[in-house]
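One structure is given here, and the rest of the page talks about it.
The values are calculated or read from the model by the stated rules, or taken from the named source; none is laboratory data. Computed from a prediction, not measured in an experiment: that's the story for all the values here. Neighbour counts run over all protein chains shown; Cβ positions are idealised from the backbone, glycine included. For accessibility, only protein heavy atoms count, side chains too; no ligands or nucleic acids. Shrake-Rupley method; radii C 1.70, N 1.55, O 1.52, S 1.80 Å.
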Amino acid sequence: MRLIRELFQYREMIASLVRKDLKGRYKGSVLGFLWTFINPLLQLLVYTMVFSVILKSGIENYYLHLFVALVPWIFFASSLTTGSHLILDQKNMIKKIYFPREVLPVAYTTSSFCNMLFSFVIVFAVIAVMRIGVAWTVLPWLIPVMAIQYILVLGMNFITSSVTVYCRDLEHIMGVLSMAWMYLSPVVYGVQFIPQGWERYYMLNPMAPIILAYRDILYYKKMPDLGQLGLAFGLSVSVLLIGILVFEKLSKRFAEEL
Amino acid sequence: MAAIEIHDLHKKFRVYADQGHSLKEKLLSKKRRSYEDRWVLNGISLEVEKGEAIALVGKNGCGKSTLLKLMSRILFPESGTVKLNGRVSSLIELGAGFHPDMTGRENIYTNASIFGLTHKEIDERLQEIIDFSEMEEFIDNPVRTYSSGMYMRLAFSVAIHVGADILLIDEILAVGDAAFQAKCFERLMEIKGEGTTIVIVSHSMAQLERICDRTVWIDEGKIRMEGAPNEVHPKYLEYMGQRRQLSPKKNVPQSQTAASDAQPPETPAKWTGIRLLNEQGEPIEKFATGDTVILELSYRAEPEKAEEVLIGLALYRADKALCYGTNTQREHLAPIVLKETGTIRCRFSPMNLVAGTYWFDAAMRRMDMFAYDYAAQAVRFAVYDPIDETGVTRLDHTWSFDAADS
């Protein structure tokens, strides 16, 4: 409760950090803000080349099958890679002035989330250009799915950013971890490739049901599996609660450890 | 309800033999990971009433800044509690979050938001902040084009306008030029008058005396003494004076040469020591208003090269205000012929400066004003005052009252 009240009090700081991050992210680069779109498109191109030309997966409209999963994945992966040093990056401010430290992960998660929303504009553009169409009745399900993912990513950011302060190696391990995690999630392949009997364990990865839900809504144009979505919600909330506890505990000595 | 309640506060820092943050270092070298605990606060309890202004004094490393950081919640204590009731603004670090590429106006928003202000609250205060900083014409230029003085002025202006209930200040009253400093100080007095609680860490006793109701002297992580500033400060200064005299090397006032007066590398006359003495001829660093003091200037010269000189003195207060200046020529004294070594004494009887910290500059000049030696801040001293007078110097005066029955 104290946390929510303080975060509300500091809402202008969160907003200003988000604005600064969105504006500053590509400052000084020629294409500027366009990188928000170009980056996922380039990744999409590479994976599509590999998995539909070289390793033929036999999935119809593979690029869309991939794209609707890749965009949320990039949002999640940000919590592992750049998110892990978001506290380190604000060293000067933390050592010198008080503000609720939770403001930083919240602001960072929000700006990554906004980036994902911008990328979804491209997803819908692709859907429109390729005349694939959307099912308007299931489209609103995107809102709870995105909300669940926001909770998950926020929780991850709380954990990775605070632990990295005490153990700087984490920053380097995260690159590999994020790659492994991606292949353990149904990003480049469909859930039909999971061996029988493994599914139950596979779904303990909260990103699995979340990605499947995005894909159900945008690719298969059907309702997401509510059981799986419930599981994802439960897991995400647990990650967030653990994240808050860890962050609360570790943030007390940030100013000394930085 | 007290504005600040501190109960039995303990704080230690880990001093790493070799701070390794990487996993390899943490796993492989247990020894290198070893650290020592250094206790900086050993049980401090303190209560500050709403609207009260307190000063924290103590020698470097005594824990006063740590205490201030604990109050501002940058650090957390090992044990004990700190409770602050109300919005806190800290003037510990000015200009937090300032971005050089953004304009002054944009930075006001960023900086104020870090103090927990909402957009609307900042809108309401914006004009006041700009007016106070005297930066109207530059406010839409990027901050990187500002001079450091302008930067500090803007930052101070934001910090002081956030409408805090509690203001924590660490040695920052050295912002900008003398005029702006005076303005900051006035503003602080005003804020205090509005009921804001203020905690100041400073070395300027004179400043503290003007604003604070109470002084807390911290030594070795404990409260050594607390009470009215005019009771605590003389004791503190006395203690600091004794400490300094224990290390005599530091105490020998070395003459420094000022950059403004160019002089040849081999000057034919130099100050060798400048001291302040009491009537008994003992060196002192502090005295009470009205005491007799003697400024003793020792020099070495090459009589065959050195021409006749005049001696100039300038007395400054710690805020760089010139309190008094004179020289032997203006006082129509004969030019001085230098010997190989010699001592010049100037007696002030009585020295009527009011409480504060001051210093003397001393110059030895040829009659054409060329400086053989100019010792800036040659001797610093503190004056304490049993009477709570203000201003620069005590003027001789007597009171008379009508008899009751006339």
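Yes or no, residue by residue, for (1) buried (at least 21 other Cβ atoms within 10 Å of the Cβ); (2) out of contact with any strand residue (DSSP E or B) (no Cβ under 7 Å at 6 or more places or on another chain); (3) not charged (D, E, K, R):
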| residue | (1), (2), (3) |
| --- | --- |
| B:LEU67 | yes, no, yes |
| B:PHE76 | no, yes, yes |
| B:LYS83 | no, no, no |
| B:SER113 | yes, yes, yes |
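What are the residues in segment A:59-87 that are among the polar types (S, T, N, Q) and surrounded by fewer than 16 Cβ atoms within 10 Å (Cβ to Cβ), if any? First the steps, then the outcome.
Within segment A:59-87, the first condition is being among the polar types (S, T, N, Q), and the residues that meet it are A:61, A:78-79, A:81-82, A:84.
Passing the criteria: A:ASN61, A:THR81.
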Q: Exactly one condition in (1) closer than 26 Å to A:TYR150 by Cα; (2) surrounded by fewer than 21 Cβ atoms within 10 Å (Cβ to Cβ) is not met by A:LYS56; state its number.
A: (1)
Q. Hey, among B:GLN263, B:GLN280, which residue is surrounded by fewer than 18 Cβ atoms within 10 Å (Cβ to Cβ) and either part of a strand (DSSP E or B) or modelled with pLDDT under 80 (or both)?
A. B:GLN263
Q: Could you check how many residues of segment A:206-226 are in a helix (DSSP H, G or I), out of contact with any Asp or Glu (no Cβ under 9 Å at 6 or more places or on another chain) and in contact (Cβ under 8 Å) with a residue 60 or more places away in the chain?
A: 7
Q.
So, B:LEU46, is that one away from chain A (no Cβ under 14 Å), of a type in the set (A, V, I, L, M) and either buried (at least 19 other Cβ atoms within 10 Å of the Cβ) or more than 15 Å from B:LEU9 (Cβ to Cβ) (or both) or not?
A. yes
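Hey, among A:LEU229, A:LEU245, which residue is over 30 Å from A:ILE54 (Cα atoms) and either touching a residue at least 60 places away in the same chain (Cβ under 8 Å) or open to solvent by less than 10 Å² (accessible area, probe 1.4 Å) (or both)? Walk me through how you get there before you give the answer.
Details: A:LEU245 fails: either touching a residue at least 60 places away in the same chain (Cβ under 8 Å) or open to solvent by less than 10 Å² (accessible area, probe 1.4 Å) (or both).
On inspection, the qualifying residue turns out to be A:LEU229.
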Q. Right, A:VAL126: out of contact with any strand residue (DSSP E or B) (no Cβ under 7 Å at 6 or more places or on another chain) and under 23 Å from A:SER78 (Cα atoms) or not?
A. no
**Q.** B:LEU168 being out of contact with any strand residue (DSSP E or B) (no Cβ under 8 Å at 6 or more places or on another chain), crowded, with 20+ Cβ neighbours inside 10 Å, within 22 Å of B:LYS50 (Cα to Cα) and within 13 Å of chain A (Cβ to nearest Cβ)
**A.** no
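What do you reckon, is B:LEU168 outside any helix (DSSP H, G or I), under 23 Å from the mean Cα position of the chain (by Cα) and modelled with pLDDT of 85 or more? Steps first, please.
Working: outside any helix (DSSP H, G or I): yes; under 23 Å from the mean Cα position of the chain (by Cα): yes; modelled with pLDDT of 85 or more: yes.
So B:LEU168 passes the test.
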(Q) For a quick check of your reading: which strands (runs of 3 or more DSSP E) sit entirely within segment B:312-389 and have at least 2 residues that are under 17 Å from B:LEU297 (Cα atoms) and of a type in the set (Ser, Thr, Tyr)? (A) B:341-348, B:371-384
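Residues checked against (1) out of contact with any Ser or Thr (no Cβ under 7 Å at 6 or more places or on another chain); (2) of a type in the set (A, V, I, L, M):
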{"residue": "B:TYR109", "(1), (2)": "no, no"}
{"residue": "B:ALA112", "(1), (2)": "yes, yes"}
{"residue": "B:GLY116", "(1), (2)": "yes, no"}
{"residue": "B:ARG125", "(1), (2)": "yes, no"}
{"residue": "B:ASP131", "(1), (2)": "yes, no"}
{"residue": "B:MET135", "(1), (2)": "yes, yes"}
{"residue": "B:PHE138", "(1), (2)": "yes, no"}
{"residue": "B:LEU154", "(1), (2)": "no, yes"}
{"residue": "B:VAL162", "(1), (2)": "no, yes"}
Q: Give the number of residues within segment B:290-309 that are at pLDDT below 90 and among the hydroxyl-bearing types (Ser, Thr, Tyr).
A: 0
Q: Give just the number: which of (1) crowded, with 21+ Cβ neighbours inside 10 Å; (2) free of Cβ contacts under 8 Å to residues at least 60 places away in the same chain does B:SER72 not satisfy?
A: (2)
Q.
Considering only residues that are more than 7 Å from every other protein chain (Cβ to nearest Cβ) and under 28 Å from the mean Cα position of the chain (by Cα), which ones fall in segment B:108-130?
A. B:ILE108, B:ASN111, B:ALA112, B:PHE115, B:GLU128, B:ILE129, B:ILE130
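Please find, among B:SER89, B:SER65, the residue that is of a type in the set (S, T, N, Q), in contact with a Gly (Cβ under 9 Å, 6 or more places away or on another chain) and touching a residue at least 40 places away in the same chain (Cβ under 8 Å). Full working, then the answer.
On the way: B:SER65 fails: in contact with a Gly (Cβ under 9 Å, 6 or more places away or on another chain).
That would be B:SER89, the only listed residue that is of a type in the set (S, T, N, Q), in contact with a Gly (Cβ under 9 Å, 6 or more places away or on another chain) and touching a residue at least 40 places away in the same chain (Cβ under 8 Å).
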Q) Only one of (1) within 25 Å of the chain's Cα centre (by Cα); (2) within 12 Å of chain A (Cβ to nearest Cβ); (3) within 29 Å of B:TYR239 (Cα to Cα) is not met by B:LEU94, so which one is it? A) (3)
Q: Note down all Cβ pairs under 8 Å where the first residue falls in segment A:186-205 and is more than 21 Å from A:VAL71 (Cβ to Cβ) and open to solvent by 40 Å² or more (accessible area, probe 1.4 Å), the second is in a helix (DSSP H, G or I) and not acidic (Asp, Glu), and they're at least six residues apart or on different chains.
A: A:GLU199/A:VAL191; A:LEU204/A:LEU235
Q: For A:MET130, indicate whether it is modelled with pLDDT under 90 and buried (at least 16 other Cβ atoms within 10 Å of the Cβ).
A: no
**Q.** Qualifying positions in segment A:155-191 - modelled with pLDDT under 90, assigned to a helix (DSSP H, G or I) and among the aromatic types (Phe, Trp, Tyr)
**A.** A:TYR166
Q | Residue in segment B:190-215 that is surrounded by the fewest Cβ atoms within 10 Å (Cβ to Cβ), counting only those that are at pLDDT 85 or above and in a helix (DSSP H, G or I) | A | B:GLY193
Q: Would you please list the contacts, defined by Cβ atoms under 6 Å and residues six or more apart or on different chains, that run from a residue in segment B:315-340 that is closer than 19 Å to B:TYR384 by Cβ to a residue that is open to solvent by 50 Å² or more (accessible area, probe 1.4 Å) and modelled with pLDDT of 90 or more?
A: B:LEU315/B:TYR324
